[in-house]
Amino acid sequence: MAIVELKNVAKRYGSSGSNAVENFNLTTRDGEFVVLVGPSGCGKSTTMRMIAGLERNTDGEILIGGRDVSQVPPKERDIAMVFQSYALYPHMTVAENMAFSLKLKKRSATEIKAQVDDAARTLGIEQLLERKPRELSGGQRQRVALGRAIVRSPQVFLMDEPLSNLDAKLRVDMRAEIVKLHKRLKVTTFYVTHDQVEAMTMGERIVVMKDGQIQQIDTPINLYEHPANRFVAGFIGNPSMNFLRASHVDGVLEGEGFRLTLDPAHAKTMAARAGDVWVGVRPEHLEDTDGEGNAIAGEVEVVETLGSVTVVQLRVGERFVTAQLSGHRRIEVGERLTLGCASDKLHLFDVESDEVIARNSVSALNAVAT
Amino acid sequence: MTSSRFSNFAFGVLAWGVALLIFFPILWLLLTAFKTEQQAFSVDPTFWFTPTLESFRTALAQGNGYWHYAWNSALTAVASTLVGLALAVPAAYAMAFYPNKRTDFLLVWMVSTKFIPAVGVLIPMFLVYKTVGLLDHPLGLTLLFTAMNLPIIIWMVYSYFRDIPKDIVEAADIDGASILQTLFKVVLPLALPGLASTGLLALILAWNESFWSITMSDHRAATLAVYIASFKSAEGLFWAKMSAASVLAIAPIIVLGWFTQRQMVRGLTFGAVK
Ligand SMILES: Nc1ncnc2c1ncn2[C@@H]1O[C@H](COP(=O)(O)OP(=O)(O)O)[C@@H](O)[C@H]1O
Ligand SMILES: [Mg+2]
């Protein structure tokens, strides 16, 4: 268990080109479960590999338990890593795979056996100990890879997309199991995924990355409720947030096919601004409405009936808006539909920078009023 | 259906034809070895004759005796293969797992040295060997065979190492293995079939080598190539004796090849079928 600190960490591959990771700053709590999430190629693996020591950081400092490890080789960092490919040793049995690191540390045979048996019991793979990796299913290999990591009782776990080679059902099961394992062992863990659902369900804190840059570091619920920019807003949540370009006049946002009223806190911020904004609305915050107050109207193009929810795509002006309505609705393609959204569920973003336009707090507004 | 059956049959016949064509000289060599010199020299080829071991008897006693040459061939082939592998493994390890910009160039450059005709470096090599006293010395031939086969050995070992996922080597690194521990406990066990094929090929190439053997040795270090060449005499009949000597010279390697052919084929097509 240890606190991991990354200070202004950067990585540049080769001598030229841009940075694969830039200006990465993060301090974990002891025993925290941190998820790195972002689209493919955004630098998640690179960050992970720098913490592991498989790549040297070009810039900045990496501290594990207060010790600067930037120049320390992987085997002296006291970390364990689970690879996407599992990377089990094909010529060794499951037991030998798990015992490998302990044998290298010259632990006694009885101690090794006890630790391997213990880890095997934790992961429910006792009956597989004498098998070779090629005789195991994907899910079993995944467990062995986890077992190999936990027998070492390292300071830090690193997991790079460990579930992406499993089928959907198994992935959900293993997700829960890894979280349980973490609750039990309380080892600081970095977990990489490109799947926002995995990130949201597993992470205590989530680092959202794009093009080598951190976009936002926050708890799952804060990422969902207070995205820092349009990228995070669109990346977190499924279906994705809708964005409409709107002009603003006196606390009212307007565009082709919609008219939305801002809540007092947003209106206060917007009063000081001129020009267009992006307005973001989550599909699940849209509801059927009688057309009073906030309204987005358009022609229905697609209807997906999932039973518990009905997902509708509307053409609003030149854009598509997705709405997720609860329950089963009888909606026909081609029908005109008017949807509403509570004012406090709207997100506003600057059209130039894509950064969020935050609400000024209402109490501040009241203070000005009195 | 019938046309595909016919083409299967046609290809079968063709394959057998080609195989026989390749095999025929060896068959003829084998037959000649059991003939008398007169029969061997005769213009009418005969397949039916009373076999005699006379040529083998003469051949075994030729020069320093067959076993002297066979021993030298075995010694230099085995030693050069072992030295070659010992040098190639670390070289290939570095290139396969820690490649840099120049790795590809280095590989091509190494193999391109094989394009130089051996006679091109014969004079300098001969003079160097003469000066350092390696002429007609088993160590001299061993070094030559090693140098000759090294590019091929490195290339092959490199390609077998490349087939090992990098993740596995990194996992060993994180598990706390040193480079030597990773090499001996992870990489070599995984590449063992490939190393065996590479070793066999190097062994065969060294065993079959004749150019350097004949020019750099004549007595003490003489290999089977020198032994066969010594049957060429200006006068007299020598076809049967030479055939017998050739049979004796290629027999060990053919026996070795026969017993290891599955390994050879598997190793040589390793990358292709996976
Ligand atoms: N070994 C490498 N050499 C050069 N560029 C690399 C290397 N590894 C990754 N990159 C580049 O760095 C960027 C980040 O890659 P990576 O960290 O693997 O992303 P992710 O894991 O988020 O998909 C990508 O643009 C990728 O092409
Ligand atoms: Mg990755």
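The values are calculated or read from the model by the stated rules, or taken from the named source; none is laboratory data. Here the structure is a predicted model, which is why all the values come from computation and not from measurement. Positions of Cβ are backbone-derived with ideal geometry, glycine not excepted, and every protein chain shown enters the neighbour counts. The protein model used for the area step is the full one, side chains on, heavy atoms only, and it has no ligands, DNA or RNA in it. Shrake-Rupley method; radii C 1.70, N 1.55, O 1.52, S 1.80 Å.
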#### Entry: Residues being closer than 20 Å to B:P193 by Cβ and crowded, with 19+ Cβ neighbours inside 10 Å - total across the stretch B:65-88
4
### Message
Tally up the residues in the stretch A:1-39 that are away from ligand 1 (no atom under 16 Å from the Cβ), among the charged types (D, E, K, R) and part of a strand (DSSP E or B), please.
### Response
2
### Query
From the residues in the stretch A:205-223 that are under 10 Å from the mean Cα position of the chain (by Cα) and not in a strand (DSSP E or B), which one is surrounded by the most Cβ atoms within 10 Å (Cβ to Cβ)?
A:L223
### Query
Which of the residues that make up the stretch A:41-96 are open to solvent by less than 20 Å² (accessible area, probe 1.4 Å), charged (D, E, K, R) and within 14 Å of ligand 1 (Cβ to nearest atom)?
A:K44
### Message
Restricting to the stretch A:103-131, give me the number of residues that are within 14 Å of chain B (Cβ to nearest Cβ) and either over 33 Å from the mean Cα position of the chain (by Cα) or touching a residue at least 60 places away in the same chain (Cβ under 8 Å) (or both).
### Response
6
### Message
What's the total number of residues in the stretch A:40-59 that are more than 21 Å from B:D173 (Cα to Cα) and outside any loop (DSSP other than H, G, I, E, B)?
### Response
1
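For the stretch B:114-158, enumerate the residues that are in a helix (DSSP H, G or I) and among the β-branched types (V, I, T).
Within the stretch B:114-158, the subset in a helix (DSSP H, G or I) is B:114-115, B:118-132, B:138-158.
Those that are in a helix (DSSP H, G or I) and among the β-branched types (V, I, T): B:V119, B:V121, B:I123, B:V128, B:T131, B:V132, B:T142, B:T146, B:I152, B:I153, B:I154, B:V157.
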#### Entry: Subset of the stretch A:287-306 that is of a type in the set (D, E, K, R) and at pLDDT below 85 - its residue that is nearest to the chain's Cα centre (by Cα)
A:D288
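Looking for whichever is within 16 Å of ligand 2 (Cβ to nearest atom), over 15 Å from the mean Cα position of the chain (by Cα) and open to solvent by less than 10 Å² (accessible area, probe 1.4 Å) here; the options are A:V9, A:V35, A:V21. Which one fits? Give the steps one after another, and end with the answer.
Numbers: A:V9 fails: within 16 Å of ligand 2 (Cβ to nearest atom); A:V35 fails: over 15 Å from the mean Cα position of the chain (by Cα).
Criteria check complete, one pass: A:V21.
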### Message
For B:K35, only one of the following conditions fails: (1) open to solvent by 90 Å² or more (accessible area, probe 1.4 Å); (2) not in a helix (DSSP H, G or I). What is its number?
### Response
(1)
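Each row is one residue, and each column tells you yes or no for (1) without any contact (Cβ under 8 Å) to a residue 24 or more places away in the chain; (2) outside any helix (DSSP H, G or I); (3) among the polar types (S, T, N, Q).
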position	(1), (2), (3)
B:R57	yes, no, no
B:N64	no, yes, yes
B:N72	no, no, yes
B:A77	no, no, no
B:S80	no, no, yes
B:L85	no, no, no
B:A88	no, no, no
B:A91	no, no, no
B:M95	no, no, no
### Yes/no for A:V144 being surrounded by 23 or more Cβ atoms within 10 Å (Cβ to Cβ), closer than 30 Å to B:Y98 by Cβ, more than 16 Å from ligand 1 (Cβ to nearest atom) and away from every other protein chain (no Cβ under 14 Å)
no
